[in-house]
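The values are calculated or read from the model by the stated rules, or taken from the named source; none is laboratory data. As the structure is a prediction and not an experimental result, all values here were calculated from the model. Neighbour counts run over all protein chains shown; Cβ positions are idealised from the backbone, glycine included.
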Amino acid sequence: MFKKIHVVVAVSALLLTACGQSNTSSPEGVASNAAASFPVTIENNGASVVIPEQPNAIISLSPTATEILFAIDAGAQVIAVDDQSNFPTEAPISDLSGFTPNLESIVALSPDLVVVSFDVDGIVAALTKAGIPVLVQSAAATLDDTYSQIAELGTATGQSAKAADLSTQMKSEIDAAIARVPAEAAGLKYFHELDNTLYTVTSATFIGSIYSLAGLTNIADTAADAASGYPQLSSEFVVAADPAIVFLADTKCCGQTADTLAKRPGFEGLSAIANNSVVELDDDVASRWGPRTVDFVKAIVDGVLKVTAK
């Protein structure tokens, strides 16, 4: 039961963040270091968010924002994170929820900045009314969105220099990884599994855009419900498409492995299984759009190299 609930929540989060909220933001008064002057004003999700002083009581209700905050050395400024923010290990995880945020519980901690991945039940307006600055950082659609969010959190926390360094490092490592992809990998078909009921992603999503960097072809792009970005495929569809590589992003939530995939009816004949080209991903790394996107890219490239080396 836990696994199924986890999957429903995860897929719902992807759908919510992908549809309905803007990723655009433009920090003003961008700081160059941790000693930056405040206040700063950030144009975020259609609102001007004023942060009067460098925040030292941040609450993150977004696992991706949590990872970014710690990666730009703003971790010491974070007092609580939501129940899904399981990385890094030193993040002060709590029972706060980003899916069903409780205004009273948040206000009781006296935060001076709250970061969410989507506005639900009017939480942004409620926190704003309570005098608490709120940043909405929706699911990224592209890597540029990720870099913009990193810069925004750098400005908001007085860690702009660290934020700039992080983006530069990410770009360098991603470029180096993609440079390893051989020419013969172009067009290789893949299937990215979100859960064992065959929900997946198309190339129009952030996840799909990362695979596109490696020149791969997504079998989900021709699915009947491809316009949603997150179609649910049938077993027959996957078997007929016969992907050369299968990426499992449900190893933690649903216990899926290359062995469990091979035991599904009809799947034993898939090229990916025959060629031992099933890549078992870390669910969290493959679903967040922060600093560990670098690890996701490297896992994809390793999978491609495994196929092309045969």
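Points worth noting:
- Scanning region 89-131 for residues that are assigned to a loop (DSSP other than H, G, I, E, B), touching a residue at least 24 places away in the same chain (Cβ under 8 Å) and of a type in the set (V, I, T) yields a single hit, V120.
- Single match in S37, S12, S32 (criterion: of a type outside the set (A, V, I, L, M), under 15 Å from the mean Cα position of the chain (by Cα) and at pLDDT below 95): S12
- For region 173-180, the condition of being closer than 18 Å to S60 by Cβ, in a loop (DSSP other than H, G, I, E, B), in contact with a helix residue (DSSP H, G or I) (Cβ under 8 Å, 6 or more places away or on another chain) and in contact (Cβ under 8 Å) with a residue 12 or more places away in the chain holds for none of the residues.
- A249 vs. criteria crowded, with 16+ Cβ neighbours inside 10 Å, touching a strand residue (DSSP E or B) at 6+ places or on another chain (Cβ under 7 Å) and of a type in the set (G, A, S): yes
- Where helices (runs of 4 or more DSSP H) fall entirely within region 193-310, those with at least 1 residues that are modelled with pLDDT of 95 or more and more than 19 Å from the chain's Cα centre (by Cα) are at 235-241, 258-262, 271-274, 293-308.
- Unique residue being of a type outside the set (S, T, N, Q) and under 22 Å from T205 (Cα atoms) when the list is V124, V120: V120
- Residue match in region 40-51 (condition: small (G, A, S), part of a loop (DSSP other than H, G, I, E, B) and either outside the structural domain of G158 (by TED's automatic domain parsing) or modelled with pLDDT of 95 or more (or both)): no
- Test: A151 is touching a Pro at 6+ places or on another chain (Cβ under 8 Å), at negative phi and in a helix (DSSP H, G or I): yes
- The listed residue being charged (D, E, K, R) and in contact (Cβ under 8 Å) with a residue 60 or more places away in the chain, out of D284, D295: D284
- Some residue of region 263-275 being β-branched (V, I, T) and in contact with a Gly (Cβ under 6 Å, 6 or more places away or on another chain): no
- F87 surrounded by 15 or more Cβ atoms within 10 Å (Cβ to Cβ) and modelled with pLDDT under 95: no
- Selected residue [in contact with a helix residue (DSSP H, G or I) (Cβ under 7 Å, 6 or more places away or on another chain), closer than 16 Å to V279 by Cβ and crowded, with 22+ Cβ neighbours inside 10 Å] from A214, A244: A244
- Search result, residues across region 132-164 that are free of Cβ contacts under 8 Å to residues at least 60 places away in the same chain and more than 18 Å from the chain's Cα centre (by Cα): I132, A164
- Residue match in region 162-178 (condition: buried (at least 17 other Cβ atoms within 10 Å of the Cβ), under 24 Å from A71 (Cβ atoms) and of a type in the set (K, R)): yes
- Evaluation of T260 against the conditions (1) touching a Ser or Thr at 6+ places or on another chain (Cβ under 9 Å); (2) surrounded by fewer than 21 Cβ atoms within 10 Å (Cβ to Cβ) shows that the sole unmet condition is (1).
- Some residue of region 271-282 being under 15 Å from N196 (Cβ atoms) and hydroxyl-bearing (S, T, Y): no
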